[in-house]
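*Asks:* Questions regarding the structure given below will be posed in turn.
Here, each number is a calculation from the coordinates, and none is a lab measurement. Note that the coordinates shown come from a computational prediction; the quantities given were computed from them, not determined experimentally. Every residue, glycine among them, receives a Cβ derived from its backbone with ideal geometry; neighbour counts consider all protein chains shown.
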Amino acid sequence: MHTITMIPGDGIGPEISEAMRRVVESTGVKIEWDIQEAGADIMDKYGTPLPDHVLDSIKKNKVAIKGPITTPVGSGFRSVNVALRKELDLYVNLRPVYSLNGVKSRYDNIDLVIVRENTEDLYAGIEFEEGSKDAIELIGFLKAHEARMRFEDAGISIKPISISGTERIVRFAYDYARREGRKKVTAVHKANIMKHSDGIFLRISREIGEKYPDIETEDRIVDNMCMQLVQKPELYDVLVCPNLYGDILSDLCSGLIGGLGMAPGANIGEDHAVFEPVHGSAPKYAGQNKVNPSALILTSVLMLKHIGEREIADKVFNATRDVIAEGKHVTYDLGGSAGTSQMADAIIDKIKG
Ligand code: NAD
């Protein structure tokens, strides 16, 4: 019996989580779900969107699967998703992107994996509000060090990229490439401009690449990488990226395979793993039984592999793949008229044979 923390999330989260849970349970796998609430809806009750007992549950169970959680833009509480990654030191964000038959897309041969660093960079949460005492002090410090700013009425976000943080993510990317029989790792950076942060990322990526002679190593500047991915995605295999570029490129790559409704993901650390789709809470579709549950169901495939249930994972993957390829019981984004729960039912029928 596996005990897994399940965080349904908000927006479309609860309905896709329910679909995923039913699909996984239909395989007969022995999972006990430890259901935990996080996000805006529980702020009133606990005064925080991420109560300690949610974190404690993941710490105890080691594995969690979550639906998306809304983050207020600009003000309000910080992202629960970012907080989880930081608290549990989930330094890897793994986002496989692959084409499936039946998904309308401009490309049909995509098979990429994005390995995104998850704890550093502009997402480290080191921010100073415009006009605050700390921001004024920091600007004073910068001035004293000849780092002048054109305008002083600035909010400031700091971008730390460390040798240690880069080493562990790049090593993960190469080990993953080796384990999964992949051929090439491309490091993505902007070291020509950010010499002391992205510069480290590039240097360490090259150094570690030399230790894996069986895997091809290359690097690309992020803007060129965007163009290359749109023009010749088939040339790429595993992409290892600092946090911000990894986030942006994974949405770009989701677009290559037919949208966010299809993109699974995992956040992995030394001791814990939290599985979640790439997409957000799509509030405008919440409660309508309309959105595509595939991203979360394919996310559960990653989770099942992680807990050693490879055969069950294959069953869920194959059933989802077949339902999508047939195109009869699929959601609006895949050109069908099925609801979230009907698509899940069709996947369950396949699993049960
Ligand atoms: P979003 O991913 O929620 O939605 C963007 C659009 O993508 C939707 O309007 C919809 O057209 C499409 N889409 C997304 N998921 C889909 C699905 N399963 N099926 C079909 N179509 C789907 O992005 P957003 O609107 O930028 O973000 C909404 C909220 O989600 C924000 O508060 C954001 O912070 C949050 N968010 C959370 C996570 C997370 O929990 N890990 C990730 C990204 C965004």
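*Asks:* What distance in nm separates the two pseudo spin-label positions at GLU180 and GLU216, each 7 Å out from Cα along the beta-carbon direction?
*Replies:* Result for the modelled spin labels: 1.7 nm.
*Asks:* Here's a follow-up. As a test, work out the antiparallel percent of DSSP beta bridges whose residues both lie in the chain, rounded to the nearest 5.
*Replies:* The antiparallel proportion sits near 40 percent.
*Asks:* What residue among LEU239, LEU252, LEU138 shows peak mean-square fluctuation when the chain is described by a Gaussian network model with Cα springs under 10 Å?
*Replies:* Highest fluctuation of the listed residues: LEU138.
*Asks:* Please sort by residue number the trypsin sites (Lys or Arg not before Pro) in the stretch 169-241 whose DSSP state is loop and whose Cβ has at most 14 other Cβ atoms within 10 Å.
*Replies:* Qualifying residues, ordered by number: LYS183, LYS195, LYS211.
*Asks:* Choose one answer from GLY335, GLY255, GLY280: the residue with the largest mean-square fluctuation in a GNM of the chain with alpha-carbon springs under 10 Å.
*Replies:* Judging by the Gaussian network model, the answer is GLY335.
*Asks:* Taking the Cα centre of the chain as origin, sum charge times position over the Cβ atoms of Lys and Arg (+1) and Asp and Glu (-1), and report the length of that vector in debye to the nearest 20.
*Replies:* Around 660 debye, computed over the chain.
*Asks:* For a quick check: sort THR27, THR5 by the number of other beta carbons within 10 angstrom, fewest at the front.
*Replies:* Listing THR27, THR5 from fewest to most nearby Cβ atoms yields THR27, THR5.
*Asks:* Which whole-number percentage describes the relative contact order of the chain, with Cα contacts under 8 Å and a sequence gap of 6 or more?
*Replies:* The value is 23 percent.
*Asks:* What is the Cα centroid distance between the stretch 330-352 and the stretch 302-324, reported in whole angstrom?
*Replies:* 16
*Asks:* Treat the count of other C-beta atoms within 10 Å as a stand-in for reagent exposure and order SER300, SER281, SER157, SER164 from fewest to most.
*Replies:* In increasing order of surrounding Cβ atoms, one gets SER164, SER157, SER281, SER300.
*Asks:* Also, quick follow-up: Once you place label points 7 Å from the Cα toward the Cβ at MET43 and ARG171, how far apart are they in nm?
*Replies:* The answer from the label model is 4.0 nm.
*Asks:* Considering only DSSP states other than H, G, I, E and B, which chymotrypsin sites (Phe, Trp or Tyr not before Pro) in the stretch 151-225 qualify as loop sites with at most 14 other Cβ atoms within 10 Å?
*Replies:* Within the stretch 151-225, the qualifying chymotrypsin sites (Phe, Trp or Tyr not before Pro) (loop, at most 14 other Cβ atoms within 10 Å) are PHE151.
*Asks:* Along the three principal axes, how long is the stretch 160-256 when you take its alpha carbons, biggest first, rounded to the nearest angstrom?
*Replies:* Result, largest extent first: 32, 32, 17 Å.
*Asks:* Could you point to the residue in VAL238, LEU249, SER162 farthest towards the positive end of the stretch 160-256's charge dipole, with +1 and -1 charges on the Cβ of Lys/Arg and Asp/Glu respectively?
*Replies:* SER162
*Asks:* On to the next question. State which entries of LYS232/LYS305; LYS60/LYS305; LYS104/LYS184; LYS184/LYS232; LYS133/LYS190; LYS66/LYS232 exceed 21 angstrom in Cα-Cα distance in the structure shown.
*Replies:* Distance filter (> 21 Å) returns LYS232/LYS305; LYS104/LYS184; LYS133/LYS190; LYS66/LYS232.
*Asks:* Within a 10 angstrom radius of the beta carbon, how do CYS253, CYS241, CYS226 rank from fewest other beta carbons to most?
*Replies:* In increasing order of surrounding Cβ atoms, one gets CYS226, CYS253, CYS241.
*Asks:* Using all C-alpha to C-alpha distances in the stretch 1-146, build P(r) with 5 Å bins and read off the rounded percent in each one.
*Replies:* Calculated P(r), rounded to whole percents: 2, 8, 12, 15, 17, 15, 12, 8, 5, 3, 2, 1, 0, 0.
*Asks:* Radius of gyration and Dmax for the chain's Cα atoms, expressed in Å?
*Replies:* Radius of gyration, then largest Cα-Cα span, for the chain: 20.8, 71 Å.
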